[in-house]
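Below: one structure, written as structure tokens.
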Amino acid sequence: AQRVTQPEKLLSVFKGAPVELKCNYSYSGSPELFWYVQYSRQRLQLLLRHISRESIKGFTADLNKGETSFHLKKPFAQEEDSAMYYCALSGRDDYKLSFGAGTTVTVRA
Amino acid sequence: DTGVSQDPRHKITKRGQNVTFRCDPISEHNRLYWYRQTLGQGPEFLTYFQNEAQLEKSRLLSDRFSAERPKGSFSTLEIQRTEQGDSAMYLCASSLGTGTGVSPLHFGNGTRLTVT
């Protein structure tokens, strides 16, 4: 069985401060991990995936297989980063995503 | 907007009635997914199509739920004899998949169902 845990429901940070969203997963095989984001009044969209190893909008995420984690980080949060963030997991040979419960991020001026 | 389109945006129905939702994926996408999302939770997988074939259906899905994707284009999700517990946001997503593994999903705006 696969499971994604996002321990923080709400996260509030000041503009310019670092932000880290935690994601832990449980999966017996080789996982693929993703972060999806939903801005206010917009649809859910892909932010980044671990195999791309890229930084999107200043966000990065590193897959740590030892700790089974895929935390999302940004060194300097901006007000436009306020959104709902979902961590998601898929198996290498699977076709569907399993999502965590999400973390609501509020960046205050 | 050439993204994934869902209709209707909102549906209010009485318990026991049947409802049908429609999803139009991005035209070249061969994979189509239905997810359900309730308040405070992430999207929960319901079913998956590759072209017109329904390849996977969640074991949590009641027999009252059925989905189709005729001709591998648009898809419909029908809920028969609705119950109050069916109230949720129903999300459709599509992707262009080649080989194994999941490709980035493109989501629609969802259909919000309220069962009274």
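Each reported figure results from applying straightforward, stated rules to the coordinates on display, with no laboratory input. What you see is a predicted model, and the numbers here were worked out from it, not measured in a lab. Quick reminder, even Gly has a Cβ in these numbers, built from the backbone with ideal geometry, and neighbours come from all protein chains shown.
Counting Lys and Arg as +1 and Asp and Glu as -1 over every other residue whose Cβ lies under 13 Å from the Cβ of A:Arg108, the net charge comes to -2. With a cut-off of at most 12 other beta carbons within 10 Å, and DSSP calling the residue loop, which GluC sites (Glu not before Pro) in region B:5-101 qualify? Please list them. Qualifying residues, ordered by number: B:Glu28, B:Glu83.
Size of the dipole of region B:9-72 about the Cα centre, Lys and Arg at +1 and Asp and Glu at -1 on the beta carbon, nothing else charged, in debye to 20? Provide the component values of the computation, followed by the final result.
Values: 12 positive and 7 negative charges, 76 e Å.
Its charge dipole is roughly 360 debye.
The relative contact order of region B:39-116, computed from alpha carbon pairs under 8 Å that lie at least 6 residues apart in sequence, is 22 percent.
May I ask you to derive the relative contact order of chain A, considering only C-alpha pairs under 8 Å and at least 6 residues apart, and to give it as an integer percent? Provide the component values of the computation, followed by the final result.
Working: 266 pairs, mean separation 42.2, N = 109.
Relative contact order for chain A comes out at 39 percent.
Counting DSSP beta bridges with both partners in chain B, what percentage is antiparallel, nearest 5? Walk me through the intermediate numbers first.
On the way: 34 of 38 bridges.
Around 90 percent antiparallel, to the nearest 5.
How big is the charge dipole of the protein assembly as shown about its Cα centre, in debye rounded to the nearest 20, if each Lys and Arg gets +1 on its Cβ and each Asp and Glu gets -1 on its Cβ?
Values: 29 positive and 23 negative charges, 90 e Å.
So the dipole magnitude of the protein assembly as shown works out to roughly 440 debye.
Of the trypsin sites (Lys or Arg not before Pro) in region B:11-116, the ones in a loop by DSSP (not H, G, I, E or B) with at most 14 other beta carbons within 10 Å are B:Lys14, B:Arg15, B:Arg59, B:Arg64, B:Arg81.
Centre-to-centre, using Cα atoms only, region B:1-61 and region B:78-112 are separated by 3 Å.
Once the convex hull of the alpha carbons of region B:37-91 is built, what does its volume come to per residue, in cubic angstrom? Before the final figure, lay out each step's value.
Values: hull volume 4.7 nm³, N = 55.
Given the Cα convex hull of region B:37-91, per-residue volume reads 86 Å³.
What you get for chain A, charging only the Cβ of Lys and Arg (+1) and of Asp and Glu (-1), is a dipole of about 160 debye around the Cα centre. Take the Cα radius of gyration of chain A and divide it by 2.2 N^0.38 Å, N being the number of residues; the result is 1.02.
Computed over the protein assembly as shown, the percent of Cα pairs more than 32 Å apart is 19.
Legend: distances between Cα atoms for A:Lys57/B:Lys57; A:Lys9/A:Lys96; A:Lys22/A:Lys96; A:Lys96/B:Lys71; pairs beyond 27 Å are A:Lys57/B:Lys57. In terms of its Cα atoms, region A:57-102 spans 37, 22, 17 Å along the principal axes, sorted from long to short. Annotation note: GluC sites (Glu not before Pro) in region A:67-109 located in DSSP loop regions with a Cβ neighbour count of at most 11 within 10 Å are A:Glu67.
Ranking B:Ser73, B:Ile26, B:Leu61 by Cα position along the charge dipole of the protein assembly as shown, where only Lys, Arg, Asp and Glu carry charges on their C-beta atoms, puts B:Leu61 farthest toward the positive end.
Working from the pairwise distances between different alpha carbons, so that the mean of 1/r is found and then inverted, what is region B:1-84's Kirkwood radius in Å? List each step's numbers first, then the result.
On the way: mean 1/r = 0.0733 Å⁻¹.
After inverting the pairwise mean of 1/r, the radius is 13.6 Å.
Global dimensions of region A:10-51 from alpha-carbon coordinates: Rg and Dmax equal 13.4, 38 Å.
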